[in-house]
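**Student:** This is the structure I want to talk about, given as structure tokens.
The values are calculated or read from the model by the stated rules, or taken from the named source; none is laboratory data. Fair warning: this is a prediction, and the values are worked out from it, not measured in the lab. Here Cβ is always computed from backbone atoms with ideal geometry, including for glycine, and neighbour counts include all displayed protein chains. All accessible areas refer to the heavy atoms of the entire protein, side chains included, with ligands and DNA or RNA removed. Shrake-Rupley method; radii C 1.70, N 1.55, O 1.52, S 1.80 Å.
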Amino acid sequence: MKPRVIPLMHKEFIHIIRDPRSLILIFLWPLLMILLYGHAITFDIKEINLGLVDYDRSPQSRELFMRLISSGYFKISAHLENRSQIEEALLDRRVLAAIIIPQGYAKSVATQFKTEVQVIVDGSNANTATVAINYLKTFMISYSLQMNAQVLRPPLQVEPRIWYNPNLSSTNFIVPGLVAVIMMMICALLTSVTIVRERETGTMEQILVSPIRSIEIIIGKITPYVLLALLDAAMVIAFGRFAFSVPFRGSVLLLFVMLIAFVFASLSVGVFISARAKSQQVAMMASMVITMLPSILLSGFIYRISSLPTVLQIISYIVPAKYFLVIIRGIMLKGIGLDYLYQPPLFLLAFGTLLLAISVKRFKTRLEG
Amino acid sequence: MKRIPYILKKEFLQLRRDRALKALLFIMPIFQLLVLGYVVSSEVRNIYTVICDLDNSPASRQIIEAIKNSGYFNLKYFETRESHLPYYLDSGKASVAVVIPQNMSRNLAKNQKTQIQIIVDGQDSNTSTIALGYISGILESFISEKVGQQLANAPEQVDAHLLSPNIRIWYNENLKYSDYMVPGIMVFLLTMVTALISAMGLVREREIGTLEQLLVAPIKKYELIIGKIIPFAIIGMFVLGMALVFAKIWYDIPIVGNLGLFFLFAIVFLFTTLGIGLFVSASTHTQQQAMFMSWFFMLFMLLLSGFMFPIENMPKGVQYLTYLNPLRYFVLVTREILIKGATFEHLYNQGIALAIFGAGIFSFAVIRFQSRMK
């Protein structure tokens, strides 16, 4: 069996090397993705653009504005004459929220127990709006407590501690996740398309009539991509480690071993698709639906699995990237070892073996039928 | 010009016979709308939490109850030994731990300061920030309740003046996140169908060799281009309409603004995506290359469009980069028209940008395509 596999691999390597455009993409694309994802995905909202309507025009109202600015969470983007201008400012997207200081604010703050300040928030982006509302509420509470520091003493304090990623850097979260997504994409897309391409151009028949068994064809086809994928992964991890200084707390060797299990699982998805798809177009679309989207959406790469509806949570159990994300984040960020991580690779191996077995069977029936 | 209908007929015939492609074109968008819609607009909830209540008093139980009732936390584990907490976070069983110290209720009675410790798995900065925000909010309202008790128990009239915000939310009173994300998904679908499929369709003919037949046939280059492009434009608009109806029925998204204006913008935007498809098909030899190249464009366009990640949060340099992204303008236009009912006067800047990009990219692609045909 061995000697026949090697020429096949050799042929596949030649195919890869002769297509420099794809080769460049295989190596350049991940780097560009990391560069962009590493920079572009930040969730924390830095400054909220506020519009102000000040009917009071008192030192007290100006004091409130100064406090808002110095809190660091707000930026005054518009001074509005009256409340009818708020709508225009929201529609022009100049401001996200507007604060209306009522007439008699200064007097009320000095004499009344409670003074209300009206705030209007653009709710169209619910996420940003929620954050803006939280910031404003927190600001009002702490400003109130400061104004009354002599009489009010809060008896409880919250002491937050953040583990694994104390600066809450999105990059540390995203970059290891990207390794999983990129691997999945490259492995599944490339393998699925190369096999289908041979079928489309008619060269598959030539291979099939030669005395090679279907398991050998599959091995010969995927081995070059395993090597490419491992190289790619090493490059991406090194880039994340050194260019983005993502911590690497665990064992490099352990990660590498686990990576092989993951590459195996994702390549088997590609083979599985190619055993079915008739054209490259279909193979590509199928790879996208079956691998890319789940790897991005249902793996915990960006969106937490436990926040999703139950049906999607159940589907996430058959997404290989989900398991690898646990592995790579565990090793890189948490620095945990095999005692916590023995389950995910077992699943990946079982998953890959099952898919390959089905595909080999499918190839055989195609050959005979 | 008379020959264009024949090319159109051929294209639609080809499409009709490709069952798999048909299914992918018309079923996939709905499928994506379903999955993407739920995933992308999912709020942070069901946060697995371990509670370490060392006080075990009515006050501590009151706090735990409040955390539980907030609906965001899933109090899965209760641990009595503080030293065991790392196990829960290391193994990923819980992502938040709350430690209530031993003498909290005694300190509260004596009005002494007590610290409640919250440990958060910080890997996912977004979830951690939100989880911390929720839990601090819960504790803060507990604190202000205690402060209120202080005031009530104060011997003489205490002179306190509090500020409180009276918050009103416009455009999306219930803060439904899907109202914001689903229109973005529609834009994504339109971009994908028109750019990707048109790129693949043309290269496919070249790969199989039927493009030569078309070229030697007595049709002009521009007729070929128009005949090739129009079906994808029609399919794109159809998919967009279908997605809009589906989004309205399933997600009940608001359609406040003028739909005619929205479709007008969509047509202008199509020049960009079809231009990209044409450009890719003119610059590649195989479907695999075409696929990679379109994905390459799409990924950057998507990422920098503000569809999933707000542009305001990106670093300044990247923010400037987004101005070069036509998708950015169309995502904004779609949201503003559908959710806020913005009119042309609020959006003409976006319109101008889209028109310039459309004209530029499309004519560049046509020139490139024609020179490649010689």
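**Student:** Using a 1.4 Å probe, what is the accessible area per residue for region B:101-207, in Å²?
**Tutor:** On the way: 4130 Å² over 107 residues.
Ligands and nucleic acids excluded, the result is 39 Å² per residue.
**Student:** Could you do me a favour and compute the accessible area per residue for region B:315-374, 1.4 Å probe, result in Å²?
**Tutor:** With the other protein chains kept in place, region B:315-374 gives 48 Å² per residue.
**Student:** Restricting to Cα pairs below 8 Å that are 6+ residues apart, what does the relative contact order work out to for chain B? Please round to a whole percent. It would help to have the intermediate numbers written out before the result.
**Tutor:** Numbers: 437 pairs, mean separation 70.2, N = 374.
Reported as a whole number, the value is 19 percent.
**Student:** Charges at C-beta only: +1 for Lys and Arg, -1 for Asp and Glu. How large is the resulting dipole of region B:32-125 about its Cα centre, in Debye rounded to 20?
**Tutor:** Working: 9 positive and 9 negative charges, 67 e Å.
Using Cβ point charges on Lys, Arg, Asp and Glu, region B:32-125 gives about 320 debye.
**Student:** Skip the ligands, DNA and RNA, and give the accessible area per residue of chain A with a 1.4 Å probe, whole Å². Show your work: numbers first, answer last.
**Tutor:** Working: 15560 Å² over 369 residues.
Roughly 42 Å² per residue, with all protein chains present.
**Student:** Give a residue-ordered list of calculated ³J(HN,Hα) values for region B:167-184 (Karplus: 6.51 cos²θ - 1.76 cosθ + 1.60, θ = phi - 60°; whole Hz; x for Gly, Pro).
**Tutor:** Result, ordered by residue: 9, 10, 10, 9, 6, 7, 4, 8, 6, 7, 5, 5, 4, 8, 7, 4, x, x Hz.
**Student:** Just order B:354-361, B:287-294, B:116-123 by mean Cβ neighbour count inside 10 Å, highest at the front, would you? Don't skip to the end; give the middle numbers.
**Tutor:** Details: B:354-361: 18.0, B:287-294: 25.1, B:116-123: 22.8.
Answer by packing, highest mean first, reads B:287-294, B:116-123, B:354-361.
**Student:** Now, a different point. Using 0.36 nm times the number of residues separating A:Thr138 and A:Lys75, minus their current alpha carbon distance, what extension gain do you get? Don't jump to the answer; show the numbers that get you there.
**Tutor:** Values: separation 63, 0.36 × 63 = 22.68 nm, distance 1.61 nm.
Using 0.36 nm per residue and subtracting the Cα-Cα distance, I get 21.1 nm.
**Student:** May I ask for the net charge around B:Lys2, where only other residues with Cβ less than 13 Å from the Cβ of B:Lys2 are counted and Lys, Arg are +1 while Asp, Glu are -1?
**Tutor:** Numbers: positive: B:Arg3, B:Lys9, B:Lys220; negative: B:Glu223.
Counting the neighbours of B:Lys2, the net charge comes to +2.
**Student:** Could you sort the residues of region B:25-40 by number and keep only those whose accessible area is reduced by 10 Å² or more in the all-protein-chain setting relative to the chain alone, 1.4 Å probe?
**Tutor:** B:Met28, B:Phe31, B:Gln32, B:Val35, B:Leu36, B:Tyr38, B:Val39, B:Val40
**Student:** Here is a follow-up. Using only the Cα atoms of the protein assembly as shown, build the gyration tensor, take square roots of its eigenvalues as a ≥ b ≥ c, and label the shape rounded, prolate or oblate: rounded if a/c is under 1.5, else prolate if a/b is larger than b/c, else oblate.
**Tutor:** Details: a/c = 2.82, a/b = 1.50, b/c = 1.89.
Note, shape of the protein assembly as shown comes out oblate.
**Student:** A follow-up question, please. What fraction of the Cα pairs in region B:176-297, stated in percent, has a spacing above 24 angstrom? Let's see the in-between values first.
**Tutor:** Values: 2621 of 7381 pairs.
Cα-Cα pairs in region B:176-297 separated by more than 24 Å: 36 percent.
**Student:** Here is a further query. What is the gain in length, in nm to one decimal, between B:His84 and B:Ile356 on full extension, counting 0.36 nm per residue of separation less the C-alpha to C-alpha distance? Please report the intermediate quantities before stating the final value.
**Tutor:** Details: separation 272, 0.36 × 272 = 97.92 nm, distance 6.12 nm.
Gain in length upon complete extension: 91.8 nm.
**Student:** By the gyration tensor of its Cα atoms, with a ≥ b ≥ c the square roots of the eigenvalues, what is the shape of region A:204-310: rounded for a/c under 1.5, prolate for a/b over b/c, or oblate? All intermediate terms of the calculation are to be shown ahead of the outcome.
**Tutor:** Details: a/c = 2.63, a/b = 1.46, b/c = 1.80.
Here region A:204-310 falls in the oblate category.
**Student:** Accessible area lost on pairing B with A, both sides, 1.4 Å probe, Å² to nearest 100? Spell out each step's value before the answer.
**Tutor:** Details: alone 21380 and 20980 Å², together 31560 Å².
The contact between A and B buries close to 10800 Å².
**Student:** Please state the charge dipole magnitude for the protein assembly as shown, taken about the Cα centre, from unit charges on C-beta atoms (+1 on K and R, -1 on D and E), reported in debye and rounded to the nearest 20. Walk me through the numbers on the way to the answer.
**Tutor:** Values: 67 positive and 46 negative charges, 494 e Å.
So the magnitude is around 2380 debye.
**Student:** Turning to a different aspect of this structure: Students often get this wrong, so check it: of A:Lys278/B:Lys10; B:Lys2/B:Lys22; B:Lys68/B:Lys176; A:Lys75/B:Lys316, which have C-alpha atoms separated by over 19 Å? Write out the running numbers ahead of the final one.
**Tutor:** Details: A:Lys278/B:Lys10 21 Å; B:Lys2/B:Lys22 27 Å; B:Lys68/B:Lys176 22 Å; A:Lys75/B:Lys316 16 Å.
Over 19 Å Cα-Cα: A:Lys278/B:Lys10; B:Lys2/B:Lys22; B:Lys68/B:Lys176.
**Student:** Counting only residues 5 or more places away or on other chains, whose amide H sits under 5 Å from the amide H of B:Phe73 once H atoms are built in the peptide plane?
**Tutor:** HN-HN under 5 Å from B:Phe73: B:Asn46, B:Ile47.
**Student:** Once the piece of chain linking B:Arg61 and B:Glu43 is laid out straight, how much longer is it, given 0.36 nm per residue of separation minus the C-alpha distance between them? The partial results should precede the final answer.
**Tutor:** Working: separation 18, 0.36 × 18 = 6.48 nm, distance 2.65 nm.
So the extension gain works out to 3.8 nm.
**Student:** Provide the per-residue ³J(HN,Hα) series for region B:44-51, in order, calculated from phi with Karplus coefficients 6.51, -1.76, 1.60 and θ = phi - 60°, each as a whole number of Hz, with x at glycine and proline positions.
**Tutor:** 6, 8, 6, 7, 5, 10, 10, 9
**Student:** Continuing with the same structure: In whole Hz, with x marking every Gly and Pro, tabulate ³J(HN,Hα) for region A:285-292 from phi via Karplus 6.51 cos²θ - 1.76 cosθ + 1.60, θ = phi - 60°.
**Tutor:** Ordered by residue, 3J(HN,Hα) equals 4, 5, 4, 5, 5, 7, 10, 5 Hz.
**Student:** Pop a pseudo-label 7 angstrom from the Cα along the beta-carbon direction at both B:Gln14 and B:Lys220 and give the gap in nm to one decimal.
**Tutor:** Label-label distance for B:Gln14 and B:Lys220, simple model: 2.2 nm.
**Student:** Something else about it: Carbon and sulfur: what percent of the protein assembly as shown's accessible surface (1.4 Å probe)?
**Tutor:** Values: 19580 of 31560 Å².
Heavy-atom surface of the protein assembly as shown belonging to carbon and sulfur, 1.4 Å probe: 62 percent.
**Student:** Rounded to the nearest 10 Å², what accessible area does B:Glu345 have for a 1.4 Å probe in the complete protein model?
**Tutor:** 130
**Student:** Using the charge dipole of the protein assembly as shown (Lys, Arg: +1 at Cβ; Asp, Glu: -1 at Cβ; taken about the Cα centre), state which of A:Gly38, A:Phe272, A:Val119 has its Cα farthest towards the positive end.
**Tutor:** Final value for the positive-end residue is A:Phe272.
**Student:** Considering only protein heavy atoms, what is the solvent-accessible area of B:Tyr320 at a probe of 1.4 Å, reported in Å² to the nearest 10?
**Tutor:** 150
**Student:** Cross-link candidates for B:Lys110: which lysines have Cα within less than 16 Å, leaving aside residues fewer than 8 places away along the same chain?
**Tutor:** B:Lys146
**Student:** Right, another one. Lys and Arg at +1, Asp and Glu at -1: add these up for the other residues within a Cβ distance under 14 Å of A:Glu116 and post the number. Could the numbers behind the result be given before it?
**Tutor:** Values: positive: A:Lys107, A:Lys114, A:Lys137, B:Arg168; negative: A:Asp56.
With Lys, Arg at +1 and Asp, Glu at -1, the net is +3.
**Student:** Taking the Cα centre of region A:145-234 as origin, sum charge times position over the Cβ atoms of Lys and Arg (+1) and Asp and Glu (-1), and report the length of that vector in debye to the nearest 20.
**Tutor:** Numbers: 6 positive and 6 negative charges, 65 e Å.
With Lys and Arg at +1 and Asp and Glu at -1, about 320 debye.
**Student:** For chain A, build the charge dipole from Cβ charges (+1 Lys, Arg; -1 Asp, Glu) around the Cα centre, then report which of A:Leu349, A:Asn165, A:Met288 sits farthest towards its positive end.
**Tutor:** The Cα lying farthest towards the positive end belongs to A:Leu349.
**Student:** Moving on. Note the angle between two axes, namely the Cα long axis of helix B:197-208 and the longest principal axis of the Cα atoms of chain B, as a number of degrees from 0 to 90, rounded to the nearest 10.
**Tutor:** 40
**Student:** Name the residue from B:Ala109, A:Ile17, B:Tyr171 whose Cα lies farthest towards the positive end of the charge dipole of the protein assembly as shown, charges +1 on Cβ of Lys and Arg and -1 on Cβ of Asp and Glu.
**Tutor:** A:Ile17
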